[in-house]
Amino acid sequence: MKVLDQYFEALRAQDWASLGTCLAENVHRTGPYLDVVRGRVAYVAFLAGVIPTLRSYDLRVARVRALGSASAVVELSEFADLNGVRTEFPEVLLFDFDEAGSIQRIDVYIKQAPPGRGGNADPP
């Protein structure tokens with residue numbers, strides 16, 4: 001689970017080189033809209049293109065649960081200021097690790113209120 005600590009710290013700090021060391025060369029990320037990013041270089045570039053555009057970005061991990069030695073589920077919230085309003089985006093991420101302990105797969109699931117009940121804006 002140490003790799004997850006390093007991954008989230010690198011994401012918060014926007015330290016793309018450090019984040020890249022957490023990832024397997026063939027990392028596969030599937031987002032909440034079935035958008036796919038494959039490969040370490042492409043995934044780091046994807047995050048480096050999105051995160052800096054989010055005003056006052058913050059990430060808070062609520063809990064991490066290991067699923068054996070090869071997977072983990074993480075409940076977290078990302079925050080950003082949208083149109084002057086602090087907005088929370090609660091998510092659950094499923095991580096799979098390779099034999100070396102690097103992140104090999106990330107699946108992102110967004111938690112949101114039902115339509116018409118307020119809640120979150122579109123995810124970052």
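Every number here is computed from the coordinates shown, using simple stated rules; none is lab data. Quick caveat: nothing in here was measured; it's all calculated off a predicted structure. All Cβ positions, glycine included, derive from the backbone under ideal geometry; neighbour counts span all protein chains shown.
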Quiz item: Any idea what the alpha-carbon Rg over 2.2 N^0.38 Å comes to for the stretch 32-96?
Solution: 1.28
Exercise. Choose one answer from LEU94, LEU54, LEU23: the residue with the largest mean-square fluctuation in a GNM of the chain with alpha-carbon springs under 10 Å.
Key: LEU54
Quiz item: What order do you get for ASP35, ASP96, ASP15 when you list them from fewest to most C-beta neighbours inside 10 Å?
Solution: ASP35, ASP15, ASP96
Quiz item: When you take every Cα atom in the chain, what is the radius of gyration, and what is Dmax, the widest Cα pair distance, in Å?
Solution: 14.4, 45
Quiz item: Taking the Cα centre of the chain as origin and charging only Cβ (+1 Lys, Arg; -1 Asp, Glu), how large is the dipole, in debye to the nearest 20?
Solution: 200 debye
Self-check item: Dipole of the chain, positive direction: furthest Cα of ALA13, VAL27, LEU59, with charges on the beta-carbon
Solution: LEU59
